[in-house]
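The values are calculated or read from the model by the stated rules, or taken from the named source; none is laboratory data. It should be emphasised that the depicted structure is a prediction, and the values quoted were computed from it without experimental measurement. Every residue, glycine among them, receives a Cβ derived from its backbone with ideal geometry; neighbour counts consider all protein chains shown. Protein only, heavy atoms only, side chains kept; ligands, DNA and RNA dropped before computing areas. Shrake-Rupley method; radii C 1.70, N 1.55, O 1.52, S 1.80 Å.
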Amino acid sequence: MRKISKGAGSNGQACLCVSTRRQGARGKVFLILLLLFIIYCSLFNSSEARIYIDITSPAFKKLPVAVSEFGGPNGREVSDIIASDLDYTGIFLCLDRKLFIEDPAQPFQRSNWSIIGAELVLKGNMKRDGNSIISTLSLYDVAEAREIFRKEYQTGEDHLRQLAHTIANDVYKQITGDAGIFRTRIAFVARQKGHDELFLMDWDGRGLNSLRIKQSVLLGPRWSNDGQLLLYSSVRDRKWIISLLDLKGMTEKNIISSEGTNIAGDFLPDGREFAMSSSMSGVPNIYMYNIAALRLTRLTASRGIEVTPSASPDGRFLAYVSDKDGTPQIFVMNRDGDDIRRLTFNGSYNTSPSWSPKGGKIVFSGRQNGRNQIFVMNSDGTGTTQLTDRGNNEDPSFSPDERYIVFTSDRDGEKGIYRMRFDGEAQKRISPKGMRAFGPRWSPN
């Protein structure tokens, strides 16, 4: 085990102190304070329970939201990030601030917002308190002319992006009832100066951070379900090694080293085991490795090449690639290797399966007209849909809410990390130009 030097913010998570503002006069008798507190919480929870938009409905319309420029230091920066987060989802229509009538410093007035078609308005203010930034925000329902959500946040000045993403998460939760993914991270590999290096970045491509893991060849990585561990493969001293990186302590542990190729697959949900492929016995086959027991169990025994195992969210099944029928195709089997079933039949080259977090979909890369494209299908192999059509596209991975997919593409002439919505819309490069990046994996939280 070796200690990795940890850069500032290498886990991508800033400490944010969040408190809900409660009304009630100080100095009142205890009973009155208690009653006021209960009444306030009841009002807060009732408004919080309302869902303004059902994102599971195929017929939902974008919700017009006005994100006013926050007052105080860095207010514009933070409000711009919030608006960008919400707008990319395709759920919200963030209105142009040029349309706004009401000055950010003015009290909320329904008529100022209804006239421009806003249904919700987010206003906020920021102030310095020593080395901290305190942000207070309010979300208003225009139709009902009332405040439906109010919070106060405190963080360090160097964590403004994390603050903005946290606020966006809270607003998203308030409006949709679902958890936001704006503080999730993406792990990937970049090829730089003759070596591969492991990186993390925020969901929007910012907050780029090297994990200081460098080797001549790096593959993976894969997240544990709690987001604390990364599993990856590398070539060291002419051997394929599978390693585990603890992101909290930044310690690296080599788990498997043997002759032949050893390529890490997914963790099982409990984090005690992971799937992998290895050619230690000849051609690559699928194995399960128990981390605590140091036990390797072979699951397949085909004469063909079998690689890239992906575990279903409940840990009951493994999707993987096999060429035993003549061309690389995606199969699924029980976690013990029984009941093998072929899923893909269209095309002669289908690889890189990755399960959706809820288990109903599998995203993968398939060859179409001589190029690799991203496809998604139901977990039983039905309902295949092509999502990309430019360049070569590989290594897809779902976001934890299943609404977005990250993948590798060379459409701009070099490999980079791209992000799109689950239906293929809003495809956008998020890794820096000039960086050859590939193998992205979205964090579970």
> If you go through the stretch 413-420 one residue at a time, do you hit one that is closer than 20 Å to D196 by Cα, over 20 Å from the mean Cα position of the chain (by Cα), open to solvent by 50 Å² or more (accessible area, probe 1.4 Å) and small (G, A, S)?
Replying inline: yes
> Within the bounds of the stretch 206-214, is there any residue that is under 22 Å from F70 (Cβ atoms) and in contact with a Lys or Arg (Cβ under 9 Å, 6 or more places away or on another chain)?
Replying inline: yes
> Picking from R161, R183, which residue would you name as being basic (K, R), touching a strand residue (DSSP E or B) at 6+ places or on another chain (Cβ under 9 Å) and either surrounded by fewer than 17 Cβ atoms within 10 Å (Cβ to Cβ) or in a helix (DSSP H, G or I) (or both)?
Replying inline: R161
>> If I go through the stretch 232-249 residue by residue, how many of them are over 26 Å from P357 (Cα atoms) and either touching a His at 6+ places or on another chain (Cβ under 6 Å) or open to solvent by less than 20 Å² (accessible area, probe 1.4 Å) (or both)?
In response: 2
>> For the structure I just gave you, tell me whether E69 is in contact (Cβ under 8 Å) with a residue 12 or more places away in the chain and touching a Pro at 6+ places or on another chain (Cβ under 6 Å).
In response: yes
> Looking at this structure, is G220 within 18 Å of the chain's Cα centre (by Cα), open to solvent by less than 30 Å² (accessible area, probe 1.4 Å), on the phi > 0 side of the Ramachandran plot and in contact (Cβ under 8 Å) with a residue 60 or more places away in the chain?
Replying inline: yes
> Could you say which residue among L208, L200 is among the aliphatic types (A, V, I, L, M) and open to solvent by 10 Å² or more (accessible area, probe 1.4 Å)?
Replying inline: L208
> Given the conditions (1) surrounded by fewer than 19 Cβ atoms within 10 Å (Cβ to Cβ); (2) assigned to a loop (DSSP other than H, G, I, E, B); (3) at pLDDT 95 or above, and given that E77 satisfies all but one, which numbered condition is not satisfied?
Replying inline: (2)
> Could you list, in sequence order, the residues of the stretch 402-433 that are part of a loop (DSSP other than H, G, I, E, B) and either touching a strand residue (DSSP E or B) at 6+ places or on another chain (Cβ under 6 Å) or over 19 Å from N392 (Cβ atoms) (or both)?
Replying inline: E402, R403, E414, K415, F422, D423, E425, A426, Q427, I430, S431, P432
> Is it the case that the stretch 181-195 has a residue that's among the polar types (S, T, N, Q) and under 27 Å from R128 (Cα atoms)?
Replying inline: yes
> In the stretch 92-116, what count of residues is obtained for those that are over 17 Å from A145 (Cα atoms) and either assigned to a helix (DSSP H, G or I) or aliphatic (A, V, I, L, M) (or both)?
Replying inline: 6
> Within the stretch 251-283, restricting attention to residues that are assigned to a loop (DSSP other than H, G, I, E, B) and polar (S, T, N, Q), which residue is least open to solvent (accessible area, probe 1.4 Å)?
Replying inline: S279
>> Being assigned to a loop (DSSP other than H, G, I, E, B), open to solvent by 10 Å² or more (accessible area, probe 1.4 Å) and either within 25 Å of R436 (Cβ to Cβ) or in contact with a helix residue (DSSP H, G or I) (Cβ under 7 Å, 6 or more places away or on another chain) (or both) narrows it down to one residue among G381, G359, G391, G347; which is it?
In response: G391
>> I'd like to check something: does the stretch 255-269 contain any residue that is closer than 23 Å to W355 by Cα and polar (S, T, N, Q)?
In response: yes
> Got a number for residues in the stretch 306-326 being surrounded by 14 or more Cβ atoms within 10 Å (Cβ to Cβ) and more than 27 Å from the chain's Cα centre (by Cα)?
Replying inline: 4
